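Visitor: Shown below is the structure under consideration.
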Amino acid sequence: MKRLLAVALVLFFAAPATPAVVEFASPGTPYLPIVSLSTAQTGNGDSTNTLDRGHLRGPCLLRITSTIGATPTVTVNVMASMDGTNFYNVPYATTAAPETPVVAALTITTAVTTLYILRPNHPWRFLKLVYSANTNVTLTVTVAA
């Protein structure tokens, strides 16, 4: 019975559906290198890259840098997934309130560089951002852990 359960778990977790572009934290690495989710990205939709943090479950630091044009606004959802297919809003915290998790979408209306903390031990493997209602905002986003 134990062997059957082990085989079932391996099959469940071994081959998740993965997004088209994935930045991966290699096995055996105790930390993530700095990973780019977006570089000078405009418009609506998913971030250019999706992070696969593999087995790591430590905290991450999300850095969002925006440059703007006239009447700027963009809504940013921080999304996570265990299987790379079904994404949900992931809790993050601001550097001003690092122990207060939030899942609300971010609204950016100015040129700014802001840091967000993705808290440790939350059950996600894949991370991406989803941009919507983007008017004249260009985003560059990195993740470090």
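Visitor: Cβ under 12 Å from ILE117's Cβ, ILE117 left aside: what net charge do those residues give with Lys, Arg +1 and Asp, Glu -1? Display every interim value, and only then the final one.
Guide: On the way: positive: ARG63, ARG119; negative: GLU99.
It works out to a net charge of +1.
Visitor: P(r) for region 36-141, please, calculated from all Cα pair distances in 10 Å bins and given in %.
Guide: Pairs per bin, as whole percents: 16, 49, 30, 5, 0.
Visitor: Extension gain ASN86-THR140, at 0.36 nm per residue separation less the Cα-Cα distance, in nm?
Guide: Full-extension gain reported as 17.0 nm.
Visitor: Another question, if that's okay. According to a simple spin-label model (label point 7 Å from Cα along Cα-to-Cβ), what is the distance in nm between LEU61 and ALA133?
Guide: 3.0
Visitor: Radius of gyration and Dmax for region 91-145's Cα atoms, expressed in Å?
Guide: According to the Cα coordinates of region 91-145, Rg and Dmax are 12.3, 35 Å.
Visitor: Which peptide among 132-138, 78-84 comes first, and what is the full order, when sorted by highest mean count of other Cβ atoms within 10 Å?
Guide: The most tightly packed comes first, giving 78-84, 132-138.
Visitor: Taking amide H positions as placed 1.01 Å from N in the peptide plane, with prolines and chain starts having none, which residues 5 or more places from LEU61, or on another chain, fall under 5 Å of its amide H?
Guide: Long-range HN contacts for LEU61: LEU118, ALA144, ALA145.
Visitor: How many nm separate the modelled label positions at ALA104 and THR73, each set 7 Å beyond the Cα in the direction of the Cβ?
Guide: About 1.5 nm, to one decimal.
Visitor: Show me the ranking of peptides 92-102, 53-63 by mean Cβ neighbours inside 10 Å, starting with the highest.
Guide: So the peptides 92-102, 53-63, ranked by packing, come out 53-63, 92-102.
Read the figures in this text as sums done on the coordinates, not as results from a lab. Quick caveat, the model's predicted, so the values are computed rather than measured. Note that we place each Cβ from the backbone using ideal geometry, even for glycine, and neighbour counts take in every protein chain shown.
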